[in-house]
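Worksheet: the structure to be examined is printed underneath.
The values are calculated or read from the model by the stated rules, or taken from the named source; none is laboratory data. All figures in this text were calculated on a predicted structure; none of them were measured in a lab. Cβ: placed from backbone, ideal geometry, glycine included. Neighbour counts: every protein chain shown. Heavy atoms of the whole protein, side chains included, go into the accessibility calculation; ligands, DNA and RNA do not. Shrake-Rupley method; radii C 1.70, N 1.55, O 1.52, S 1.80 Å.
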Amino acid sequence: MAKKKPLSHYVPKFSNKYWADESNFISYFWCEFSGTVKKEPKGKKQWGRKRGLYSWAVENALDKELETKAAPVYEKLINYTELSRSERFLWAQFILSQLVRTPSYMQYEKKSVELTGVKSEPNCDRVGCQECLDLNFVANRNWLLLKTHSDDYLVRSDNPVLQTGFIELHDSYILYPLTPNLCFVATPMSDSWNPFDDNINPTMGYEMPKGWAHMVNFYLAKSAYRSLALSPEHAGVISDTMFTEILGAYTQPPFSLHVTDKQSAESAFDSIRRIMSIADGYDYPKWEIERLTPDYPEETIA
């Protein structure tokens, strides 16, 4: 009897649990049958997964070589514990792996191969490795932990990392909600930043003004693929209005399909926009996103 394809959690279970109550998430999802966004409870382990997304080899490698190691680092960040250099690079590996293991990224990657005929398999597939030079572009940025106002919350999207631009560019940044009330940010950097210099700056905590999290949620929902999840206690009029209108309106661009520099960034993104447009049957406009991060305190920069 043939072995079943793995039920792949493209958003790891250990990172999802903070959005669930004792039994459920609330999920907003695009229903292909009705052509509308619907809302329903999802079982605690049933969101952020898809059968056959990866091979068993990749599924097992993600579990043993990355997620098991990254889970304790996740907890350290939630508890505002400063990471060691090796932990910062492990966290960078987790973030970059999370970007390339989602259904939307893999759809665009497949379409890119169809259009160009160029197929390159990364040595470590979806897991990444702690020797990859790309990790420097996350690990050596300044880091912030943004805490929501007590009245606000953050959602979890099926594209859980919001990447604003090519990681090689100094003004790009990454947001990743850790819990409904805490968001990790690898910040924009100055023009003089050298990503291959070890960053000795501390991870700074910052409390969002009231309402700021709603703007973050707007872009998280907009850059989703098919669904997002939130804690049942946060579902209501605001979520029903915002998420049913904008869910997946501009799916997270697969920036890592290209390596670029400042001079060629515009043409590189135009290529990505074309891939997305053909794959989704929609003519995506120019990618634009408002600044969603506070300034890293300059007086702390060495």
Requested in this report: Give just the number: which of (1) under 21 Å from Gln252 (Cβ atoms); (2) touching a Lys or Arg at 6+ places or on another chain (Cβ under 7 Å); (3) surrounded by fewer than 18 Cβ atoms within 10 Å (Cβ to Cβ) does Tyr10 not satisfy?
Outcome: (3)
Requested in this report: Go through (1) among the β-branched types (Val, Ile, Thr); (2) out of contact with any helix residue (DSSP H, G or I) (no Cβ under 9 Å at 6 or more places or on another chain); (3) touching a residue at least 24 places away in the same chain (Cβ under 8 Å) and name the single condition Ile167 misses.
Outcome: (2)
Query raised in the report: Which one of these does Thr179 not meet: (1) within 28 Å of Val237 (Cα to Cα); (2) open to solvent by less than 10 Å² (accessible area, probe 1.4 Å)?
Result: (2)
Report task. Only residues that are in a helix (DSSP H, G or I) and among the aromatic types (Phe, Trp, Tyr): list them for region 226-285, please. Result -> Phe243, Phe255, Phe269
Requested in this report: Please state which of the following conditions Ala249 fails to meet, knowing it meets all the rest: (1) open to solvent by 60 Å² or more (accessible area, probe 1.4 Å); (2) of a type in the set (A, V, I, L, M, F, W, C); (3) over 23 Å from Ile95 (Cβ atoms).
Outcome: (1)
Query raised in the report: Taking the condition assigned to a helix (DSSP H, G or I), under 24 Å from Leu154 (Cβ atoms) and open to solvent by less than 10 Å² (accessible area, probe 1.4 Å), does Ala221 pass?
Result: yes
Report task. From the list Glu75, Glu82, pick out the single residue that is loosely packed, with under 14 Cβ neighbours inside 10 Å, over 19 Å from the mean Cα position of the chain (by Cα), among the acidic types (Asp, Glu) and farther than 25 Å from Ser271 by Cα. Result -> Glu82
Report task. Quick one: in region 182-217, of everything that is in contact with a Leu (Cβ under 7 Å, 6 or more places away or on another chain), open to solvent by 10 Å² or more (accessible area, probe 1.4 Å) and outside any strand (DSSP E or B), which residue is farthest from Ile272 (Cα to Cα)? Result -> Thr203
Report task. Could you name every one of the strands (runs of 3 or more DSSP E) located completely within region 1-75 that has at least 2 residues being without any contact (Cβ under 8 Å) to a residue 24 or more places away in the chain and over 19 Å from Pro177 (Cβ atoms)? Result -> 36-43
**Report entry** Scope region 94-111; condition open to solvent by 10 Å² or more (accessible area, probe 1.4 Å) and of a type in the set (Lys, Arg); matching residues
**Finding:** Lys110, Lys111
Requested in this report: Please go through region 154-175 and pick out each residue that is of a type outside the set (A, V, I, L, M) and surrounded by fewer than 22 Cβ atoms within 10 Å (Cβ to Cβ).
Outcome: Gly165, Glu168, His170, Asp171, Ser172
Requested in this report: Confirm whether Phe89 is aromatic (Phe, Trp, Tyr), touching a Gly at 6+ places or on another chain (Cβ under 9 Å) and farther than 20 Å from Ala268 by Cβ.
Outcome: no
Query raised in the report: Can you name the residue in region 39-62 that is surrounded by 14 or more Cβ atoms within 10 Å (Cβ to Cβ) and among the charged types (D, E, K, R) and is also nearest to Lys13 (Cα to Cα) among such residues?
Result: Lys45
Report summary line: If you go through Glu288, Glu233, Glu266, the only one that is touching a residue at least 12 places away in the same chain (Cβ under 8 Å) and either hydrophobic (A, V, I, L, M, F, W, C) or open to solvent by 20 Å² or more (accessible area, probe 1.4 Å) (or both) is Glu233
